[in-house]
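Read through the structure below, which is laid out as structure tokens, and then see the notes.
The values are calculated or read from the model by the stated rules, or taken from the named source; none is laboratory data. Just so we're clear, the structure is a prediction, and the values are computed from it rather than from any experiment. Reconstructed Cβ throughout: ideal geometry from the backbone, glycine too, with neighbour counts over all protein chains shown. These accessible areas exclude ligands, DNA and RNA; they are computed on the full protein's heavy atoms, side chains included. Shrake-Rupley method; radii C 1.70, N 1.55, O 1.52, S 1.80 Å.
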Amino acid sequence: MIKRIYDFVQNDIVPEGFENGVVYVIDAGKCFKDEKQREHTLMRLAVCVQGLVNRGFKKYNTAIALDLDGTDGFWLDYITGPGKTYNGLERKYIFSKDEMLELFAPFMRRYGIVAWDKEVASTANVASTICGIEGGVPVMQDNRPHSLFTELKEKYGVPVKTDLCGMFGSLKKGDLITGTNRTSTGSKKCDAYIWAMEKYFDKCNPELLAYTPDGAVEYEGNPVSKRGDAAMAKTCGIPNHDYFFHKQCFFFDLTSYAGEVPSDEPDQPLGTDAATLKELLKRRYDSAKGKFGMALGFPPWHVKYTSHVDGKYIMDPARLEWHFVELTTTFNCGIEADAAHPCWMSNGSLYTNYERTCIPRGNREAQKIEFDPDTYYFTVAWSGDFDCSPWMKMRVPQVWAADENRGKIPLTYGYNLNLVDRIPMAFDYIFENQTESDFIVGGEGMGYTIPDALFEGFIGKEANLDYEYWTRYPGKENHFTVRELPDGDTAYYDYAKPYAEDLKIDIFARTIDGFSIMSDKVFALYNRIATRGSFMQNTSAGKYDLQIYEGTPYTRIMDVGGQDYATFAHNVRLRLKGRDEKFMAIGFCDMGTNVGTPSGFKEFLETFYAVAEKEDPGTKYRYVDINTYIELVKRSGRGEKID
């Protein structure tokens, strides 16, 4: 059992109209298809009801599941199996929009509509914040006869509880924002968030924030909705909202970079988005009394804010990612990176209620092999980019349930510790099926962070000069990330350590420090949590491939590519042969290449030894599991010593 450091309790929401002892399964392929309205509109409503109903599962014994992708059925079968949390519930399937709305109608009549303004897209997120606190459903105000807004009012008798329309669109900079003593920022987008912070933030979960695209992706009159990735509701992250509603989060969509106006509101005063985001992060920090927390979501680079959507913008997706994570970390907040793609995470509100039953046993200890100073050793530090629940939820069934070669060769799987809150059943499944050759490590640690940004005085860098091709934006005054708050290492430790202990995780396998180089302060912090050792993303390692901090190894992860197994094996051998320490850790994202699966890696390893024998027959190469690798590093006496 993980010892929680937060005691926040969500508001009770009564599941009016839902039967006790039932899990309702909504068929997304049928319920959200309607010629009269976009699937975004229907899904936004459905996942709100889902999240609020599932919040009360332990009290009311009723739940809603969404059948959206190929893994939802797998996980529903698992969590309703013998001895599992949802065992014994009757399944009732919902196959049409009308059937879904009929089911939801009593609930919606009880709590009402929070109407958002299509001319101020951020009000969609404000409406969702209100619904998470008070109940209700967020619906775009649209008085056309065929709209969902009209249908709910006229056919189902759902009242409008709160109307956000017309509140922010006409304000001029300096005007008072309605109902507050705050003056307008000159941005209708940000004014809506300022109003919501003033009115509602103190009622929101202090641990978690919800970063998700606003209503611009839904309203067809908004240019953002015309971008390719905005065409489907799931690629806009709308399925993720159920978890945000369940946890009573504050919803937002803002860019962290003050150096250019955001693409969704190009007429706002420069830097307003970033200033509003900083205020939001500071409010969370103060509300949590400095405790570490999480922002659930990711910069929506595929529809906003970056050069990907408009070539006139400086920020590309990767640099905005690091810039955002730098900023959140300076306010003691990591992120759970629901990044495109797949960025959609259905049923988080269902899964988070799941109670784990399998006690983790930890990884197999290092093999007792003799260290050979003439051998080149390599290991896999991580397979899979699992800093978010969507990717882990999707890949665990494919790798752990369907790959016949799992367990035949040692392989490392890195999962960020915080994911156990949102998809606890995936961890149970892994621990139940773990073999001695399956090594479970902590991924990036407790959320995705830039760890040096935990320390007072941190200044984010424009680029790492050793890697000029990573330069992302020109250095402009006042646009660097700066930490002004006191050190946050204790807050991070207090948040992360209970998770590491409960999950028996003693390695962080892919720590990322952006353009900064990992400092001794970070090593000292990680030594207390990832007690066996850690592995650093390439640019974060600085000058040395291998560093030993007070006896604990820190290894650079080498980025290696190849279009086929032979090329990949050739490149790994060349990189390994070039290491003075004769040790190398590799990592790869298994969302893009089969080499990250057990079967794929088995084929790669066989190819590697064949290539090595052909290209370099006089040299000894040896692949070892991650624990054995760390033990051999310690015995070797190699690496830069830091005391």
Exactly one condition in (1) under 30 Å from Lys33 (Cα atoms); (2) in contact with a Gly (Cβ under 6 Å, 6 or more places away or on another chain) is not met by Ala258; state its number. (1)
Residue, modelled with the highest pLDDT, within segment 291-330, restricted to residues that are closer than 25 Å to Ala233 by Cβ and part of a helix (DSSP H, G or I): Phe324
Filter segment 66-92 down to the residues that are in contact (Cβ under 8 Å) with a residue 40 or more places away in the chain and in contact with an Asp or Glu (Cβ under 7 Å, 6 or more places away or on another chain), then identify the one that is surrounded by the fewest Cβ atoms within 10 Å (Cβ to Cβ). Asp67
Is at least one residue of segment 279-290 touching a residue at least 60 places away in the same chain (Cβ under 8 Å), of a type in the set (Gly, Ala, Ser) and not in a loop (DSSP other than H, G, I, E, B)? yes
Examine segment 255-269 for a residue that is open to solvent by 10 Å² or more (accessible area, probe 1.4 Å) and not in a loop (DSSP other than H, G, I, E, B), and state whether such a residue exists. no
Name every residue in segment 76-103 that is in contact with a strand residue (DSSP E or B) (Cβ under 8 Å, 6 or more places away or on another chain) and part of a helix (DSSP H, G or I), in order of residue number. Leu76, Met100, Leu103
Keeping to segment 188-212, report how many residues are in contact with a Gly (Cβ under 6 Å, 6 or more places away or on another chain), surrounded by 24 or more Cβ atoms within 10 Å (Cβ to Cβ) and more than 20 Å from Ala288 (Cβ to Cβ). 1
Within the set of pairs 6 or more residues apart or between chains, which connect a residue that is under 11 Å from Phe568 (Cα atoms) inside segment 598-618 to a residue that is charged (D, E, K, R) and surrounded by 13 or more Cβ atoms within 10 Å (Cβ to Cβ) with Cβ atoms less than 8 Å apart? Phe608/Arg573; Val611/Arg573
Within the bounds of segment 141-150, is there any residue that is of a type outside the set (S, T, N, Q), modelled with pLDDT of 95 or more, open to solvent by 60 Å² or more (accessible area, probe 1.4 Å) and assigned to a helix (DSSP H, G or I)? no
Among the numbered conditions (1) of a type outside the set (S, T, N, Q); (2) open to solvent by 10 Å² or more (accessible area, probe 1.4 Å); (3) under 30 Å from Thr490 (Cα atoms), tell me where Phe292 comes up short. (2)
Scan segment 116-132 residue by residue and report those that are open to solvent by less than 10 Å² (accessible area, probe 1.4 Å) and touching a helix residue (DSSP H, G or I) at 6+ places or on another chain (Cβ under 7 Å). Trp116, Val120, Ser122, Thr123, Ala124, Val126, Ser128, Thr129, Ile130, Cys131, Gly132
Residue count for segment 214-236, restricted to those that are open to solvent by less than 10 Å² (accessible area, probe 1.4 Å) and assigned to a loop (DSSP other than H, G, I, E, B): 3
Complete set of residues in segment 405-438 that are in a strand (DSSP E or B) and under 22 Å from the mean Cα position of the chain (by Cα): Thr412, Tyr413, Gly414, Tyr415
For segment 34-75, name all the residues that are part of a loop (DSSP other than H, G, I, E, B) and not small (Gly, Ala, Ser). Asp34, Glu35, Lys36, Gln37, Arg38, Asn61, Leu68, Asp69, Thr71
Which condition number does Tyr609 fail, the rest of (1) over 30 Å from Leu525 (Cα atoms); (2) out of contact with any helix residue (DSSP H, G or I) (no Cβ under 6 Å at 6 or more places or on another chain); (3) assigned to a loop (DSSP other than H, G, I, E, B) being met? (3)
Restricted to segment 104-126, and to residues that are in a loop (DSSP other than H, G, I, E, B) and of a type in the set (A, V, I, L, M, F, W, C), which residue is farthest from the chain's Cα centre (by Cα)? Val120
For segment 519-536, which residues satisfy the criterion of being open to solvent by less than 10 Å² (accessible area, probe 1.4 Å), more than 20 Å from the chain's Cα centre (by Cα) and of a type in the set (A, V, I, L, M)? Val522, Leu525, Ile529, Ala530
Scan segment 363-396 for residues that are open to solvent by 20 Å² or more (accessible area, probe 1.4 Å), touching a residue at least 40 places away in the same chain (Cβ under 8 Å) and more than 24 Å from Val47 (Cα to Cα) and jot them down. Asn363, Arg364, Glu365, Ala366, Gln367, Ile369, Phe371, Asp372, Pro373, Asp374, Tyr376, Asp385
Between Phe588, Phe535, Phe608, which is within 30 Å of Cys388 (Cα to Cα), of a type in the set (A, V, I, L, M, F, W, C), at pLDDT 90 or above and out of contact with any Leu (no Cβ under 8 Å at 6 or more places or on another chain)? Phe535
